[in-house]
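K.L.:
Attaching a single structure in structure tokens format; questions to follow.
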Amino acid sequence: MPPTPPLEPPARVLLGPGPSTVSPRVLRAMSIPLVGHLDPAFLRIMDETKRLLQFAFQTRNELTIPISGTGSAGMEACLVNLLEPGDEAVVCINGVFGTRMADIVERCGATLVKVEAPWGRVIDPADVAAALKRCQRPKLLAIVHAETSTGAWQPIEEMSKLAHGAGGLLVVDTVTSLGGCPVRVDDWGIDACYSGTQKCLSCPPGLSPVTFGARAIEVLRHRKSKVQSWYLDLTMIEKYWGAERVYHHTAPITMNYALYEALRIVEEEGLEARWARHERNHQALKAGLAAIGLTIASQESHQLWTLNSVRIPDGIDDARVRGALLEEFSIEIGGGLGPLKGKTWRIGLMGESSTVANVLLVLSALERVLPRCGHAVSAGAGVAAAQRVYAEQPPP
Ligand SMILES: Cc1ncc(COP(=O)(O)O)c(C=O)c1O
């Protein structure tokens, strides 16, 4: 047998729905030798990480920690800790991740009440109000802030009022918004919130930041049954991240180093500046796409800065264009999911991937590839339109 080949994945420009580019600083942090998960030095890193996550989430919640596992682990942690069999949960579904929340709610043995909107559009608060009214005692309302599958962002404050008015909690998915556009857990009255490391925090996938507020903790304390999942049981995990330092599972040390460094980068840049950078690059990309005849598919005035869902013109072969971008330019962009398969491309501008250079690169690559695939483009038009946005909006 020939020897197993060495690990040599190609260098890619990551402009898909995640993971995003990881900073060399974070990669260096991942090569730092390990300490034990109860070493005093690691405990200090844990405390700093909690503080940095509180900053990123804009919350004072004490229970603000990274769950071991990807964003779906954070999603599951929020739902399994708050729901018990027989509870009623209202879940908003307008894309893949609302659908996933609904699946978990049913696996918790809770009664699922769905509120739906077409993919690419946001959820109407009036529909949520009606769904909450249909419940006897809604335990929670769950909603995705930034739907990565459609590129639409959902206003949260109105949802918070509705959930609390009905006596329930508000659970929010901020996997594709945390670190890329405003997320204000305390100001918006979010009770439980989760995110992922591989999107706008620009860390590899592997941890899921989670924050639980006072009302959610109250629910956790008064559960009648044990949390269904041993691994994600916050009543035990909080004893490791809190003063007791009781071992629960071996923390993934290297991933925690990575998150620590990634959050330090966020702190150094500042949240407002980081949000402004994401907005500016989105505006430039959108202008450039329009100039080459491509439009954003998600609802106007709800278009995410971090994930641009682009309508594929009729007759254009989705896979051929993405294949050419990958082979000739080493650029990864995403395809559409579910009903949007073959109809949209997803261009992520998240964290370290949200740069002027990447916007100009992907536009010029599209200008080269599209004519060959049947979509006429005047060479340079997209790049020029993006340049105009940059000239009109100098960096803050
Ligand atoms: C909005 C949203 N929620 C949840 C997830 C699940 O995260 P993961 O794939 O890291 O488990 C994703 C992943 O893309 C996402 O975009």
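The values are calculated or read from the model by the stated rules, or taken from the named source; none is laboratory data. In this text, all values refer to a predicted model and were calculated from it rather than measured experimentally. Because the Cβ atoms are built from the backbone with ideal geometry, glycine has one as well, and the counts that use them run over all protein chains shown. With ligands, DNA and RNA removed, areas are computed over all heavy atoms of the protein, side chains included. Shrake-Rupley method; radii C 1.70, N 1.55, O 1.52, S 1.80 Å.
K.L.:
Please compute, for the alpha-carbon atoms of the stretch 151-196, the extent along each of the three principal axes and give them in descending order in Å.
P.N.:
Here the Cα extents, ordered largest to smallest, are 30, 17, 17 Å.
K.L.:
Provide the per residue accessible area, probe 1.4 Å, for the stretch 265-320, rounded to a whole number of square angstrom.
P.N.:
Working: 2180 Å² over 56 residues.
Ligands and nucleic acids excluded, the figure is 39 Å² per residue.
K.L.:
Another question, then. Classify the stretch 245-344: rounded, prolate or oblate, from the alpha-carbon gyration tensor (a ≥ b ≥ c, eigenvalue square roots; a/c under 1.5 rounded; otherwise prolate if a/b is larger than b/c)?
P.N.:
Because a/c hits 1.5 or more and a/b exceeds b/c, the stretch 245-344 counts as prolate.
K.L.:
For the peptides 301-309, 239-247, what is the packing order when you average, over each peptide's residues, the other Cβ atoms within 10 Å and list the highest mean first? Before the final figure, lay out the partial values.
P.N.:
Values: 301-309: 23.3, 239-247: 13.4.
Peptide ranking by packing, descending: 301-309, 239-247.
K.L.:
A further question on this structure: If the reach is capped at under 29 angstrom between alpha carbons, list the lysines near K114, excluding any in the same chain fewer than eight residues apart.
P.N.:
K133, K139, K161, K199, K224, K226, K341, K343
K.L.:
Over the stretch 26-162, with the other protein chains present, what is the accessible area per residue in square angstrom, probe 1.4 angstrom?
P.N.:
Working: 5700 Å² over 137 residues.
For the stretch 26-162, the per-residue accessible area is 42 Å².
K.L.:
If you don't mind, another one. Expressed as a whole number of Å, what is the distance separating the alpha-carbon centroids of the stretch 266-294 and the stretch 202-252?
P.N.:
Here the two parts' Cα centres lie 34 Å apart.
K.L.:
Express the relative contact order of the chain as a whole percentage, based on alpha carbon pairs under 8 Å and six or more residues apart in sequence.
P.N.:
Working: 811 pairs, mean separation 89.0, N = 396.
Relative contact order, the chain: 22 percent.
K.L.:
Which far-off residues, 5 or more places away or on another chain, put their amide H under 5 Å from the one on L63, with H placed in the peptide plane?
P.N.:
Hits under the 5 Å cutoff: F212.
K.L.:
What size of dipole, in debye to the nearest 20, comes out for the chain about its Cα centre when the only charges are +1 on Lys and Arg C-beta atoms and -1 on Asp and Glu C-beta atoms? Intermediate values should be presented prior to the final figure.
P.N.:
Numbers: 39 positive and 41 negative charges, 45 e Å.
Using Cβ point charges on Lys, Arg, Asp and Glu, the chain gives about 220 debye.
K.L.:
Return the sequence-ordered ³J(HN,Hα) values of the stretch 379-396 in whole Hz as given by the Karplus equation 6.51 cos²θ - 1.76 cosθ + 1.60 applied to θ = phi - 60°, using x for Gly and Pro.
P.N.:
After applying 6.51 cos²θ - 1.76 cosθ + 1.60, I find 4, x, 5, x, 4, 5, 5, 5, 4, 5, 4, 5, 5, 6, 10, x, x, x Hz.
K.L.:
Dipole of the chain (Lys/Arg Cβ +1, Asp/Glu Cβ -1, origin at the Cα centre): which of G288, L349, S229 lies farthest to the positive side?
P.N.:
Positive-end residue among those listed: S229.
K.L.:
While we're here: Rounded to whole Å, give me the distance from the Cα center of the stretch 352-396 to that of the stretch 156-201.
P.N.:
32
K.L.:
I'd like the carbon and sulfur percentage of the solvent accessible area for the stretch 77-211, probe radius 1.4 Å, heavy atoms only, ligands and nucleic acids excluded. Please list the in-between numbers first.
P.N.:
Values: 1960 of 4120 Å².
Exposed carbon and sulfur together represent 48 percent of the surface.
K.L.:
How large is the convex hull of the Cα atoms of the stretch 204-250 per residue, expressed in Å³ as a whole number?
P.N.:
Working: hull volume 4.9 nm³, N = 47.
Looking at the stretch 204-250, the number lands at 104 Å³ per residue.
K.L.:
Normalised radius of gyration for the stretch 277-396, please: alpha carbon Rg relative to 2.2 N^0.38 Å, two decimal places. Mind dumping the intermediate values first?
P.N.:
On the way: Rg = 13.3 Å, N = 120, 2.2 N^0.38 = 13.6 Å.
Normalised Cα radius of gyration, the stretch 277-396: 0.98.
K.L.:
In square nanometres, what is the average projected area of the Cα convex hull of the chain?
P.N.:
Values: hull surface 85.6 nm².
Averaged projected hull area, Cα only: 21.4 nm².
K.L.:
Here's something else I'd like to know. Quick one: which of 310-319, 107-116 comes out on top by average Cβ neighbours within 10 Å, and what's the full order, highest first? Working shown, then result.
P.N.:
On the way: 310-319: 14.4, 107-116: 17.9.
Descending mean neighbour count gives 107-116, 310-319.
K.L.:
Give the ranking of E218, E84, E327 by solvent-accessible surface, highest area first, calculated with a 1.4 Å probe. Numbers along the way, then the final one.
P.N.:
On the way: E218 100, E84 20, E327 160 Å².
Largest to smallest exposure gives the sequence E327, E218, E84.
K.L.:
Moving to a separate point now. Give me the percent of accessible area attributable to carbon and sulfur for the stretch 223-351, probe 1.4 angstrom.
P.N.:
The computed percentage sits at 54.
K.L.:
Another question, then. Percent of accessible area on the stretch 21-62 owned by carbon and sulfur, 1.4 Å probe?
P.N.:
Numbers: 1440 of 2360 Å².
Summing carbon and sulfur atoms, their accessible area is 61 percent of the total for the stretch 21-62.
K.L.:
Moving to a separate point now. According to the square roots a ≥ b ≥ c of the eigenvalues of the Cα gyration tensor, what is the shape class of the stretch 68-161, taking rounded for a/c under 1.5, prolate for a/b larger than b/c otherwise, and oblate for the remainder? Spell out each step's value before the answer.
P.N.:
Values: a/c = 1.80, a/b = 1.08, b/c = 1.67.
It is oblate, given that a/c is not under 1.5 and a/b is not larger than b/c.
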